[in-house]
Amino acid sequence: MEKQEPSLKEKTAKGLFWGGMSNGVQQVLSLFFGLFLARLLSPGEYGMVGMLAIFTAIASTLCDSGLAVSLINKKEIRFEDLNAVFWFSMTVATICYLALFIGAPLIAKFYHQPALISLSRWSFLSFVIASLGIAPSANLSKKLKVKEKSIAEITALGLSGILGVYLAYKGHSYWSIVIQTIVFVAIKSGLYWFFDDWKPSFHIDFSPVKEMLYFSIKLVITSLAIIFNTYIFSVIFGRLYSEKEVGYYNQANKWNTMGSSMVTGMIHSVAQPVLVESRGDDVRQLRVFRKMVRFTSFLSFPLMFGLSFVAPEFITIAITDKWLPSANILRILAISGAFAPLGSLFTYLILSRNDSSSYMWANLALIAVLLITVAFIHPYGIMGMIIAYSIINILWLGVWFVLVRRKIGYTFGQLIRDVAPYLGITSLIIVGVYFLTAGIDNIYISITVKILAVAVAYIIIMWLSRSVTFRESAQYILQKLNIKSKKETI
């Protein structure tokens, strides 16, 4: 009997399951290794590496050139497409590395840190190695092989994390972070190659890249705008303030990013491929999209609002009170971080409709607004800029909504029904638990009671309100656990 092809719903559920499990494991590992590194390294040492992040991010974006998304957006990927993307990425990576290698003294001069010359030249090797994995990674994503990508990423994170902690323990300072990053991308890219059955040939033909550039070039411009949005404060703080203050911001931003990416990474594994597959049927695509919005809201608001709620206790317990100044920064960033996965989901829908132009112009407009805001707000200090930055990023979700509404007729009323219950319930629970725990002085008891009270209250309310998203998620997890239990019994 011929084996049936899994339905879109089954593939989506499987992808979300593996994406969720992968991101959960990765966040736990990142948390585990991050705690050790933060205890072993100083804010200044973290700040040194943080100053280089924007250059690595820009180079990585140029290496990808939006071609990974272009490949996933294709109905079918040919061998020639993958081969062209592989050689193009390698060529761009080599050129970028040589330019940054030569420009390393200028980077060090900009930040007034001579040690950045050698540090940057080693650090920038990471994007060269990562470029090797762009084509096979896109091919695995297109085939919804989330399980294989998950194994690659978890393995790379685990092995590189152990090495990074060991080097920090041995007193190698910020070099431990740089070497950890290089090893991470090397193992991850290598395993992508192992799991993907595609292999390149030496017949180099860039014509498929030319066909994709009309769509992808706008993604490059957009990605550069997003990088600027992400790293603007690292650059400003690195130029105007000490590496210690850069370290405080980067530490807070790291935990914020880790939390929001736990949700974003889960939906990223399946969102664009699934939305592309449902393209052409607006009713079906709207139904799929709304389900993803509800699932994203269901996870993001309790996770990120909760992180903001326990930020001081978390920072003190996890990485000691030497990092306490980063707690207030984390509190603000985590609030805006709760909305970030929704923004990402909206952009996946826009890109699935092959509208890279709207995606590009919306992001460029966001950067223009941020630049104007920074110009007016910077006299009010670091916290003033971070508050303004967070508010703008939350409000910009309205721009993404308008663009999505034009594509599939997603109404404001539908948005409210999909998002408001999770936003409102989470906010009310946290306010209630805040007053409940206000008199607890011991930080260990305080954080334990806060986390348990919020989690238990949220689950109970979801159950009593008969939340479809909650019930479907619980049912799928229980079904997976039951299947696994049966296999082990057999």
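The values are calculated or read from the model by the stated rules, or taken from the named source; none is laboratory data. A quick note: this is a predicted structure, and the numbers were derived from the prediction, not measured. Reconstructed Cβ throughout: ideal geometry from the backbone, glycine too, with neighbour counts over all protein chains shown. Keep in mind that these areas ignore ligands, DNA and RNA; they rest on the heavy atoms of the full protein, side chains included. Shrake-Rupley method; radii C 1.70, N 1.55, O 1.52, S 1.80 Å.
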Quiz item: What Rg and what Dmax come out for the chain when only alpha-carbon atoms are used, in angstroms?
Solution: 22.5, 72
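Report relative contact order for the chain in percent, whole number only (criteria: Cα-Cα under 8 Å, sequence separation at least 6). All intermediate terms of the calculation are to be shown ahead of the outcome.
Numbers: 599 pairs, mean separation 94.3, N = 490.
About 19 percent, as a whole number.
Of 145/170; 147/210; 170/254; 170/244; 149/322, which sit over 27 Å apart, Cα to Cα?
Those over the limit are 145/170; 147/210; 149/322.
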Practice problem: Pop out the ³J(HN,Hα) list for the stretch 332-347 in order, Karplus 6.51 cos²θ - 1.76 cosθ + 1.60 with θ = phi - 60°, rounded to Hz; leave Gly and Pro as x. | Solution: 6, 4, 5, 5, 5, x, 5, 8, 4, x, 5, x, 4, 4, 4, 5
Exercise. Provide the descending list of Cα extents for the stretch 277-385 along its principal axes, expressed in whole angstroms.
Key: 54, 33, 15
Practice problem: Would you compute, from DSSP H runs of 4+ residues alone, the mean residue ellipticity of the chain at 222 nm, taking -39500 (n - 2.57) per run and dividing by the full residue count, rounded to the nearest 500? | Solution: -28500 deg cm²/dmol
Quiz prompt | Mean Cβ neighbour count within 10 Å, used as a protection proxy, ranking 402-414, 140-152, 341-353 highest first | solution = 341-353, 140-152, 402-414
Exercise. Kindly write out, for the stretch 374-390 in residue order, the coupling ³J(HN,Hα) from the Karplus curve 6.51 cos²θ - 1.76 cosθ + 1.60 (θ = phi - 60°), rounded to whole Hz, with x marking Gly and Pro.
Key: 4, 4, 8, 8, 4, x, 8, x, 4, 5, x, 5, 5, 4, 4, 4, 5
Quiz item: What's the carbon and sulfur percent of the chain's accessible surface, probe 1.4 angstrom, rounded to a whole number?
Solution: 68
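So with the 1.4 Å probe, I'd like the accessible area per residue for the chain, rounded to whole Å². Walk me through the numbers before you get to the answer.
On the way: 22850 Å² over 490 residues.
For the chain, the per-residue accessible area is 47 Å².
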Quiz item: For the stretch 73-232, what Kirkwood radius comes out of the mean inverse Cα-Cα distance, in Å?
Solution: 17.6
Exercise. Largest first and to the nearest Å, give the Cα extent of the stretch 317-460 along each principal axis.
Key: 52, 43, 22
